[in-house]
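> First the structure, then my questions, so here it is.
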Amino acid sequence: MDFPVEVILFLFLLATALTVALLEDLFAAAMMTGIFSLLSACLFTLMDAVDVAFTEAAVGAGVSTVLFLSTLALTAQREKQHPFTWFPLLLVILTGACLVTGTLDMPHYGDPKAPIHVHVAPEYIAGAERDFGIPNIVTNVLASYRGYDTFGETVVIFTASVGVMLLLGHRRRRPGPAHRPTITPEGAARMRDFAIVRVVSMGVIPLIVLFGLYVQFHGDFGPGGGFQAGVIIGAAVILYGLIFGLSTLQRVVPSPLLETGIALGVLLYGGTGVASLLMGGHYLDYAVFDSDDPKHGRHLGILLVEGGVGIAVTCAMILIFYSFAGRALAREAFDEGGGGQ
Amino acid sequence: MSEVLGLWNYWVVIVLMMIGLYIMIARDSLVKKVMGLNIFQVSVIMFYVSMGKVRGGTAPILPEGGAEGVLFSNPLPHVLMLTAIVVGIATTALALALVVRIKEAYGTIEEDEIHALAGGDGMDGRSAVQGEAE
C-alpha cells in the first residue's frame, strides 16, 4: 500500500482548494484554480487516464483561468468580507460524514475485481483489437461504442457557446464609440510591449497549434482526440489574442468563420450518422462505410466524427473568448466615448 | 487497518467536494461560487477516474505487437470524464456570462446585495440601480 507520489499530489490539491476557499482576492483565487487544475491533471496521469489529463491541463490551466480573469475584469476584483457563520460548515461536515459512511463498503482503490471492471469494460478492451484495429481504446469507446453520448455532449458545447454569445453579444456595437474604428485595449498594448512575452509566445504558439493537430490526427494511436485537440488549439489562439489584442486576432480568425465552424462541426458529426443510416446501417454504425473491410470503415467513421468534435470545440472555445473580451472592449470604448453623459 | 486505508481515494474526493460545496453555500460572491462549482466538478471527475484505476494496470492504449497479458485500467470512466470536462468549461463560461450580465444589471456580484436590491421583484432592483447611477 504505497502511493507516495499520489498522496503528496493529493495533499497539494487539498491545500490549493483550501486556499481558493480562503482567499478574498478573487484574482489570486483565479490563479489558484489554474494550479488546482494542473495538479489534478498530474493525478489523472498517475491514474492512467492520460486522455483526461490532457483535457484537464488544456481546459483548466488554460481556457478556464482566462475566462475567470476576463470575468473579474468585467465585475469585481475582491469579494466582500462576511462574518463567519457555522451553519454552512455544519451542513458540509454532515454531508461529508454521510458520504464517508457510504464509502465503507466500496471496492478499494486499484482493486481489479471491483464491479466497475467486470461488466462492459473487458468487452470494450477486447473489441478494440477485434473490431477496430485502433490502439487507443478511449477513442474507440468515445466515438463508436458511446457515440450517442459524445454527440449529445458536442451539442451541449454548441448550445452553451450560443448561450454565451446571446448573453454577451460579441458583435453588438454600443452607441458612442463608432468614431474609433479599431479599438486597442490599453492592456493588450502593454502586453505587446513586453519583449520576452511577445518573442516567447510567437515561438510557442505555432508549436502548440502543431501539437494540437498531432493530438487530433494521432488520437487513434496515442492519447488524444477531438476534444483535447480542440481545447489545445483554442488555447493557442486565445494566447495570441491576449498578447496582440482582440482586433488583431479577429482579423486573423473572423467570428463569422467561427460561427460557421461550430455549426459545421456538429453537422459533420450528425451527418456521419445520417450517412451510415443512408448506406443501410444503424445510426453511427461506421462499418457500412467500407463493405469489404469493416475495420477500415470504422476507422474512417471515427476520423470524421473526431474531426467534427475538434472543429466544434476549437471554434466554441475561441468564440467564448471573443464574447468576454469583446464585452470588455465595448464597455471600455463606451466609457471613453462619453457613455456617462 | 488496511481494510480502511484502501478507501483513501474516496475520502480525498469527499474532502474536495466538501470544500467546493462550502464555497458555494457560504460565499456570497457569484464568481467565487462558480470557482466552488469547478472544485466540486473536479472532485466528481476524480471520483470516477480513481474508480477506473486498476492496480498494476497501464493506460488503455494497445501496445504494438498485441495486448496479450497486458492489464489495462478501465477506459470507460476516462471517456465519460474527458467529455464532461469540456462540457464543464462550456457551462462554466455560460455561468460566468450570466454573472457579467448580473453585474451590469445590479452593479454588484454579491448575492446578499442582489437580494436586497431585488427585494423579491427583479425588475424593481434593476431600475433602482439605474436610478442611483443617474
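The values are calculated or read from the model by the stated rules, or taken from the named source; none is laboratory data. All values reported here derive from a predicted model rather than from experimental measurement. No Cβ is skipped: glycine too gets one built from the backbone with ideal geometry, and neighbour counts run over all protein chains shown.
> Taking the stated definitions as given, is A:Val309 at pLDDT 90 or above and surrounded by 21 or more Cβ atoms within 10 Å (Cβ to Cβ)?
yes
> Please determine whether any residue of region A:191-203 is touching a helix residue (DSSP H, G or I) at 6+ places or on another chain (Cβ under 8 Å), at pLDDT below 90, over 24 Å from A:Leu319 (Cβ atoms) and not in a loop (DSSP other than H, G, I, E, B).
yes
> OK, next. Quickly run through region A:69-89 and pick out the residues that are more than 7 Å from chain B (Cβ to nearest Cβ), in a helix (DSSP H, G or I) and not polar (S, T, N, Q).
Once the filter is applied, which keeps residues that are more than 7 Å from chain B (Cβ to nearest Cβ), in a helix (DSSP H, G or I) and not polar (S, T, N, Q), region A:69-89 yields A:Leu69, A:Ala73, A:Trp86, A:Phe87.
> I've got another one for you. Could we say that A:Leu9 is assigned to a helix (DSSP H, G or I), more than 9 Å from chain B (Cβ to nearest Cβ), more than 20 Å from A:Met317 (Cα to Cα) and out of contact with any strand residue (DSSP E or B) (no Cβ under 8 Å at 6 or more places or on another chain) here?
yes
> Regarding region A:167-185, can at least one residue be identified that is at pLDDT 85 or above and not β-branched (Val, Ile, Thr)?
Looking through region A:167-185, at least one residue is at pLDDT 85 or above and not β-branched (Val, Ile, Thr).
Quick grid of which residues meet (1) out of contact with any helix residue (DSSP H, G or I) (no Cβ under 6 Å at 6 or more places or on another chain); (2) surrounded by 20 or more Cβ atoms within 10 Å (Cβ to Cβ); (3) not in a helix (DSSP H, G or I):
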residue	(1), (2), (3)
A:Gly270	yes, no, no
A:His282	yes, no, yes
A:Val288	no, no, no
A:Asp292	yes, no, yes
A:Leu300	no, no, no
A:Val305	no, yes, no
A:Met317	no, yes, no
A:Phe321	no, yes, no
A:Glu332	yes, no, no
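> Checking the conditions here, which among A:Thr85, A:Thr16, A:Thr101, A:Thr33 is surrounded by fewer than 18 Cβ atoms within 10 Å (Cβ to Cβ), of a type in the set (S, T, N, Q) and under 19 Å from B:Gly20 (Cα atoms)?
Matching residue, one of A:Thr85, A:Thr16, A:Thr101, A:Thr33: A:Thr85.
> Out of A:Val266, A:Val288, A:Val274, I need the residue that is of a type in the set (A, V, I, L, M) and under 21 Å from the mean Cα position of the chain (by Cα). Which one?
Answer to the selection: A:Val266.
> Oh, and also: Can you pull out every residue in region A:278-333 that is among the aliphatic types (A, V, I, L, M) and over 27 Å from A:Gly60 (Cβ atoms)?
A:Leu278, A:Met279, A:Leu284, A:Ala287, A:Val288, A:Leu300, A:Leu303, A:Leu304, A:Ala330, A:Ala333
> So, in region B:108-128, exactly how many residues are at pLDDT 85 or above and surrounded by fewer than 18 Cβ atoms within 10 Å (Cβ to Cβ)?
Total satisfying the criteria: 5.
> For the condition more than 7 Å from every other protein chain (Cβ to nearest Cβ), crowded, with 19+ Cβ neighbours inside 10 Å and in contact (Cβ under 8 Å) with a residue 60 or more places away in the chain, what is the one hit in A:Val50, A:Val66?
Step by step, each of A:Val50, A:Val66 is checked, and only A:Val66 is more than 7 Å from every other protein chain (Cβ to nearest Cβ), crowded, with 19+ Cβ neighbours inside 10 Å and in contact (Cβ under 8 Å) with a residue 60 or more places away in the chain.
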